[in-house]
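The structure under discussion appears below in the form of structure tokens.
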Amino acid sequence: MSTMYQSDQMELSSILREASGVAGIPADIIAALQKRVDEHLFNIVIAGEFKRGKSTFINALLGDDVLPMGVVPLTSVITMVRSGLSASITIQFANGDSKQAPLSQLPEYATERGNPGNIKDVKSVTVYHPSHWLNTGVQLVDTPGVGSVHEQNSEVTHHYLPQSDAVIFVISADQPLSRNELDFLACIRGYAGKVFCLLNKVDLLSSSELQESIAFTGGVLRKTIGDEIPILPISARMALEAYQSDCHALREKSGLVNFEYALHHFLRNESERVWIDSIRRQVLQCLTERELSNDLEIRAMELPLEQLEVRLAAFSKKKAELLKARENMDCLLLSDCQKIIKGRLEPDLAALKARLQLQLHDHLNKWAASLRQDGSIALQKGLEELIVDDVRGGFDAWRKDEGIVLGVELEAMYTQFWGQMCNHIAELAKYSASIFEVTLTPIKPGARQKSEKDFLYKFWYEPSGLSLLGSFFLRLLPTVLSYPILLRHARMRADELVETQSGRLRHDFEEHITKDAKRFQQEMDGRYESIGSNIEKSIRAGMQSKALTESEVMIRRAELSTLRVDIDCVKKHLLGYAKVAA
């Protein structure tokens, strides 16, 4: 990226400045695109389960002891590493405050020892470092380990995935791929355009064992993911030792050199084109829409009023037909949302309820036996606390995984409807160009902004009348009599709490899905309205010119001709740049 990217950045900025000078091009769209160009960071997310060597790998890649390493999992804090003149950190807190500090203080905010349970309420930490890998716009993102004892770590990592441009997934050669890792990889494929799979700790295997491990891992990935993901063997520990001892031979042996080559090839030949093309296409879309509106107004000025009214009526009829189809899509969209709720959410929730209730009944027997000697009051209190913790933990873990599953299904549904909408818009534009006899460059509506699927719910709890026998009554009974009564009521309490949380969670999921679907409908409506109203506005502007004086018509024609020249100039610059960049 480096020099080439800087050149592309300057070129795109130049094109955007030209586009901003074209009358009728939305200023907010150009401003948003310019911001993307100015602030572009290519996010490479480093992900994997706890104790796979992610932080060690990043340190080896940077050639410096930047991130803390250890045997305990990090807190639920995203650590971003980007280019800086010297090593330092910026801590971003959940309340919006930020603080700058030396790199040496990083463990105080991003480790379990320095920030147990994230008691300091850190949202993220940005590390600045002068590595050559970072000075081209690359940002490395070290995520908390999925599957660690800290359940929120997996949630934070999943939440960051939609922001990834590429993912380096770290697995371990000394442990087989877990079901959790395979599920996570499947989730990654829905977001990242490129995935590298690093098989770490290969120094623990013999040559034959390594080849067997690579072959086995590749087969599992193909069978599970249904795709070919490159597997790169590496010893992050050995690579870091090579840096510390300045031993090139050890660095070669570690496998880091092969990975660096693969990463460099990707950044040089793939990543930049993908990102630049997305900017270019959006600018071209704005210009094409403005070009159609301009040409329609010119043509409307040329046609006799009678013909113009006939063609406008035909356009209005076509627009009404497509709007009717659009309304039908709304009904189908909401119907499909209910299918996801009935066909996926409710069966999954029912299975969770059954599993949790069986689990709780089994746990209750063990808990009650261990607490029995403490007396009736302590037994009652202890069982209540353990039930609440177990139910809360079960629902929190399930909600996170179910959110990912539902998010994937919703995105697939949205993609289908967005494609239908694009076809309708293209049909309306093509029909308009046809009846008014103007040339049309095919219009492709912009890519849809994916919403963040954050299915959160508040755990509801209040003491239950079922579980609370009066303390006075309990004191009167000997333990031998109170024990079976309390155990029976504890089972009823567990079932009650599971049922309550199931109802709340179903309600919250359905509410979120419905709101998200309505937001998606509004987004589609906006695209319909933007194209349709601009076309109609241009036609009516040409119709209104019939009431202008000859000199006023000439002035307007000159303005439209100048506008067409401006559009053509920017398009020529844009398309010429695209050929050079290809």
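Things to note:
- Subset of region 530-567 that is surrounded by 12 or more Cβ atoms within 10 Å (Cβ to Cβ) and of a type in the set (Asp, Glu) - its residue that is nearest to residue 314 (Cα to Cα): 536
- Hey, residue 287 buried (at least 18 other Cβ atoms within 10 Å of the Cβ), modelled with pLDDT of 85 or more, touching a Lys or Arg at 6+ places or on another chain (Cβ under 9 Å) and on the phi < 0 side of the Ramachandran plot or not: yes
- Filter result for the condition that a residue is surrounded by 20 or more Cβ atoms within 10 Å (Cβ to Cβ) and modelled with pLDDT of 70 or more, over 185, 204: 185
- All positions within region 303-321 that are surrounded by 14 or more Cβ atoms within 10 Å (Cβ to Cβ) and not aliphatic (A, V, I, L, M): 311, 315, 318, 319, 321
- Index of the failed condition, residue 379 passing every other in (1) modelled with pLDDT under 80; (2) open to solvent by 10 Å² or more (accessible area, probe 1.4 Å): (2)
- Breaking point among (1) of a type in the set (A, V, I, L, M); (2) surrounded by 13 or more Cβ atoms within 10 Å (Cβ to Cβ); (3) at pLDDT below 90, for residue 570: (3)
- Some residue of region 144-154 being outside any loop (DSSP other than H, G, I, E, B), touching a helix residue (DSSP H, G or I) at 6+ places or on another chain (Cβ under 9 Å), surrounded by fewer than 19 Cβ atoms within 10 Å (Cβ to Cβ) and modelled with pLDDT under 80: yes
The rows are residues; the columns are (1) at pLDDT 80 or above; (2) touching an Asp or Glu at 6+ places or on another chain (Cβ under 6 Å); (3) open to solvent by 50 Å² or more (accessible area, probe 1.4 Å).
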{"residue": "368", "(1), (2), (3)": "no, no, no"}
{"residue": "374", "(1), (2), (3)": "no, no, yes"}
{"residue": "417", "(1), (2), (3)": "yes, no, no"}
{"residue": "426", "(1), (2), (3)": "yes, no, no"}
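- Checking 496, 529, 550 one by one, the residue that is charged (D, E, K, R) and modelled with pLDDT under 85 is 529 and no other.
- The lone exception for residue 74 - which of (1) touching an Asp or Glu at 6+ places or on another chain (Cβ under 8 Å); (2) surrounded by fewer than 22 Cβ atoms within 10 Å (Cβ to Cβ); (3) at pLDDT below 80; (4) of a type outside the set (S, T, N, Q) it fails: (2)
- Residues (open to solvent by 30 Å² or more (accessible area, probe 1.4 Å) and over 30 Å from residue 529 (Cα atoms)) located in region 399-415: 400, 401, 404, 405
- Residue 264 meets each of the listed conditions (1) open to solvent by less than 30 Å² (accessible area, probe 1.4 Å); (2) within 21 Å of residue 140 (Cα to Cα); (3) free of Cβ contacts under 8 Å to residues at least 24 places away in the same chain apart from (1).
- Scanning region 127-143 for residues that are surrounded by 19 or more Cβ atoms within 10 Å (Cβ to Cβ), β-branched (Val, Ile, Thr) and not in a strand (DSSP E or B) yields a count of 1.
- Lone unmet requirement of (1) modelled with pLDDT of 85 or more; (2) over 27 Å from residue 398 (Cα atoms) for residue 172: (2)
The values are calculated or read from the model by the stated rules, or taken from the named source; none is laboratory data. Quantities reported herein were computed from a predicted structural model and do not represent experimental measurements. A quick note on method: Cβ atoms are made from the backbone with ideal geometry, for glycine too, and the neighbour counts reach across all protein chains shown. Quick note on the areas: whole protein, heavy atoms, side chains included, nothing else; ligands and nucleic acids left out. Shrake-Rupley method; radii C 1.70, N 1.55, O 1.52, S 1.80 Å.
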